[in-house]
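Worksheet for the structure shown next.
The values are calculated or read from the model by the stated rules, or taken from the named source; none is laboratory data. This one's a predicted model, so the numbers in the text were calculated from it and none came from an experiment. In case anyone asks, the SASA skips ligands and DNA or RNA and just uses the protein heavy atoms, side chains included. Shrake-Rupley method; radii C 1.70, N 1.55, O 1.52, S 1.80 Å.
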Amino acid sequence: MVWSTVSDYIGRGRVYMLFFLLEVLAFWQLGQTREAFVFELLVLLIISCYGGGFSCMPAYLSDIFGTRQLSAIHGRILTAWGLAGVAGPSIVSYFHAQTGGYTASLYFFAACFVLNFIIAAVLKQYGQRKKETRTAI
């Protein structure tokens, strides 16, 4: 509920950009932390962003694409989310087998979140242009 409320005030695009920025920092820091309490706080932050992504997704999709095809698009997003739930542990396992630890996989995922941040920024720009076009017509 916290993240969806924040998205109402600052906008869904900005919230997703914030999610990805926080996750870049959290995953990067997880690879370096040796303290249990810091580790737990970072995992809590990551889980918070994960749940926040679920809570904001339908509203964000309707902001970008409108409500006409929302259910079909949301279904595709959830399917991709599920596939990531299968691929993620496989990637972690691969990195662990190659390096003997988890640090490389954490850095890999931090890099993936950098890419996600860039995509979110592009989508925010796309949504802004689409909104400006709709109001001009």
Q) So between Val38 and His74, what do we pick up on full extension, going 0.36 nm a residue minus the alpha carbon distance? A) 9.5 nm
(Q) Rounded to two decimals, what is the ratio between the C-alpha radius of gyration of the stretch 30-91 and 2.2 N^0.38 Å? (A) 1.47
Q | Heavy-atom accessible area per residue - the stretch 27-137, 1.4 Å, Å² | A | 67 Å²
Q: Quick one: pull the percent of accessible area on the chain belonging to carbon and sulfur, 1.4 Å probe, ligands and nucleic acids left out.
A: 68 percent
Q: With Cα extents along the principal axes in Å in mind, check (i) 59, 32, 24; (ii) 47, 26, 23; (iii) 58, 27, 24 and report the label derived from this structure.
A: (iii)
